[in-house]
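Visitor: Please read through the structure below; I'll follow up with questions.
Values quoted throughout were computed directly from the atomic coordinates according to the rules given, and no laboratory measurement underlies them. Since the model is a prediction, treat every value here as computed from it, not as a measurement. Every residue, glycine among them, receives a Cβ derived from its backbone with ideal geometry; neighbour counts consider all protein chains shown.
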Amino acid sequence: MEEIKDKSETAVFVAVSPGIQSDRQVNEYLDELVFLATTAGVTGEKRFIQHLDHANSRTFVGPGKLEEIKQYVQENEITYIIFDDELSPSQMRNIEKEVGCQVVDRTGLILDIFAQRAQTAYAKTQVELAQYQYLLPRLTGMWTHLERQRGGKGGLNMRGPGESQLEIDRRIVLDKIKKLKLQLGKIDRQMISQRSNRGALKRVALVGYTNVGKSTLMNQLAKSDVFAENKLFATLDTTVRKVVIDNTPFLLSDTVGFIRKLPTQLIESFKSTLDEVREADLLLHVVDISHPGFEDQINVVNKTLLEIGAGNKPCLMIFNKIDAYTFEEYDEFSLEERTSRNFTLEEFKNSWMSKENSPSIFISARDRINLDELRATLLRMLT
Ligand SMILES: Nc1nc2c(ncn2[C@@H]2O[C@H](COP(=O)(O)OP(=O)(O)O)[C@@H](O)[C@H]2O)c(=O)[nH]1
Ligand SMILES: [Mg+2]
């Protein structure tokens, strides 16, 4: 039976950050974690930040901080403690035992959102594989879940003589992983042959951080109607459309966005979704320039592209949402240095273009600003 999500589920958020990181930076990371939780259907505001150069190996945060969290959680009847990092299985167990509250780590949260968002059988299979791979080392203490699943099919009779519950569960999960991999292999082969049937058209892939406007831009360029929403990971499945600019046709694909600390299980299971990116002739790297952490996001995307073997492709940087760009007025009398946060859009453009050699363009996909210039640039880069 599916669990029914209680609407009043609440969470607190926890980050450990190295001493050199500013509170502002950590809070930006936590903003994203809160946004992820909201996307998953959990609300909450309270944050706990601890500056440590190394996380506590037993409970991730130190004992004092954990006590503080425990008190808050109990007084406010909080459902989940959500951590901005992947925890080790034993850290998770220790915290759960000491605080008496469900612990969710960043990877688990992202996997949960992916599971909710997967539409096609293909995406569902990919997510399920990632979930089981995440589950495998965390089975101790989680077996009640599998116990329930097994209940319908043979129940406890499956227990062999002398085998521990954990061994049986490990076997069930390993078996699941094997089956899912076989299933994915089959779909992969279909996808490969589909792709090879597309002919000699040039292939262009939209890439970028999640929620930057990739799907919105796809809809503008291809007059398609891909789901776009102010949520993280609105799109999981790949959409490919034929686009024609001045009699030059090419294929444009829109796919899943990247995020910092993307679980490795997901990268692996989304291998063929990401093939679309790996096999593209040109990447359009879309950036949300209205996001305070957009420069960080650019680095995350570039790093992920390198990891999946698409780091050396021709790439057009598309700075989107210029309609919503804001900057902080620089206070001449302040002791702080003037940074890119104080740049006007014009200043940012100039500094970007003087230090980077990949071509770039500044647009608003939503308000259709500079889209003709984008089309012209695309055409130049494709022919
Ligand atoms: N202000 C502004 N919002 C935009 C623009 N382009 C997209 N958005 C919004 O950003 C959110 C995410 O868009 P989406 O296309 O789903 O992003 P994706 O996750 O990268 O595919 C949606 O709420 C869009 O309406 C833009 O040019 N300006
Ligand atoms: Mg999208």
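Visitor: How high is the relative contact order of the stretch 11-109, in percent, counting Cα pairs under 8 Å that sit 6 or more residues apart?
Guide: Over the stretch 11-109, the number comes to 34 percent.
Visitor: Right, here's the next one. Too long at a 22 Å Cα-Cα cut-off: which of K65/K261; K124/K202; K124/K179; K186/K242; K214/K261; K176/K303?
Guide: Where the Cα-Cα span goes over 22 Å, the pairs concerned are K65/K261; K124/K202; K186/K242; K176/K303.
Visitor: While we're looking at this one, here's another question. Cα gyration tensor of the stretch 44-107, axes a ≥ b ≥ c as square roots of the eigenvalues: rounded (a/c below 1.5), prolate (a/b > b/c) or oblate?
Guide: Rounded is the answer for the stretch 44-107, as its axis ratio a/c remains below 1.5.
Visitor: If you don't mind, another one. Test of understanding: in a Gaussian network model of the chain with alpha carbons linked when under 10 Å, which of F83, F35, F114 would top the mean-square fluctuation ranking?
Guide: Residue with maximal mean-square fluctuation among F83, F35, F114: F35.
Visitor: If you scale each eigenvalue of the Cα gyration tensor by 5 and take the root, what three semi-axes come out for the chain, rounded to whole angstrom and sorted largest first?
Guide: 39, 30, 16
Visitor: Using θ = phi - 60° and the Karplus form 6.51 cos²θ - 1.76 cosθ + 1.60, what ³J(HN,Hα) does each residue of the stretch 259-270 get, whole Hz, x for Gly and Pro?
Guide: Once rounded to whole Hz, the list reads 8, 5, 6, 4, x, 4, 4, 5, 4, 5, 6, 8.
Visitor: Under a 10 Å cutoff between Cα atoms, tell me which one of N94, N357, N76 has the largest fluctuation in the Gaussian network model of the chain.
Guide: Greatest mean-square fluctuation among the candidates belongs to N357.
Visitor: Moving to a separate point now. So what J values fall out for the stretch 104-113 if you push phi through Karplus, 6.51 cos²θ - 1.76 cosθ + 1.60 with θ = phi - 60°, rounded to Hz, Gly and Pro as x?
Guide: 10, 9, 4, 4, x, 5, 5, 4, 4, 5
Visitor: May I pose another question? If you average the sequence gap of Cα pairs under 8 Å that are 6 or more apart and divide by the length of the chain, what percent do you get for the contact order?
Guide: It rounds to 12 percent for the chain.
Visitor: Only four residue types carry charge here, +1 at the Cβ of Lys and Arg and -1 at the Cβ of Asp and Glu. Report the dipole size of the stretch 1-139 about the Cα centre in Debye, rounded to the nearest 20.
Guide: With Lys and Arg at +1 and Asp and Glu at -1, about 240 debye.
Visitor: Right, something else. Using 1/(1 + (r/R0)^6) with R0 = 30 angstrom and r between the beta carbons of R138 and K179, what's the FRET efficiency to the nearest 0.05?
Guide: 0.90
Visitor: List S215, S354 from most exposed to least, where exposure is judged by having the fewest other Cβ atoms within 10 Å.
Guide: Taking fewest neighbouring Cβ atoms as first place, the list is S354, S215.
Visitor: Under unit Cβ charges (Lys, Arg +1; Asp, Glu -1), what dipole magnitude, rounded to 20 debye, does the stretch 198-382 have relative to its Cα centre?
Guide: 920
Visitor: In addition: Return the whole-Å distance between the Cα centroid of the stretch 345-383 and the Cα centroid of the stretch 221-243.
Guide: Spelled out, the Cα-based centre of one part sits 21 Å from the other.
Visitor: Okay, next question. State the Cα centre-to-centre distance between the stretch 66-136 and the stretch 284-322 in whole Å.
Guide: The stretch 66-136 and the stretch 284-322 have Cα centres spaced 28 Å from each other.
Visitor: Top mean-square fluctuation among R366, R278, R203, Gaussian network model of the chain, C-alpha springs under 10 Å?
Guide: For the chain, modelled as a Gaussian network with Cα springs under 10 Å, the answer is R366.
Visitor: First check a/c for the stretch 218-325, with a ≥ b ≥ c the square roots of the eigenvalues of its C-alpha gyration tensor; if it is under 1.5, answer rounded, and if not, answer prolate when a/b is larger than b/c or oblate otherwise.
Guide: It comes out rounded by the Cα gyration axes.
Visitor: Once you place label points 7 Å from the Cα toward the Cβ at R375 and L201, how far apart are they in nm?
Guide: Result for the modelled spin labels: 1.7 nm.
Visitor: Let me ask something else. Calculated from DSSP H runs of 4 or more alone, at -39500 (n - 2.57) each and per residue, what is the 222 nm mean residue ellipticity of the chain, nearest 500?
Guide: Mean residue ellipticity at 222 nm (helix-derived): -14000 deg cm²/dmol.
Visitor: Going by average Cβ density within 10 Å per residue, which order do the peptides 129-139, 11-21, 251-261 take, highest to lowest?
Guide: 251-261, 129-139, 11-21
Visitor: Need one word for the stretch 244-383: rounded, prolate or oblate. Basis is the Cα gyration tensor (sqrt eigenvalues a ≥ b ≥ c); a/c below 1.5 gives rounded, then a/b vs b/c decides.
Guide: Oblate, since a/c reaches 1.5 and b/c is not below a/b.
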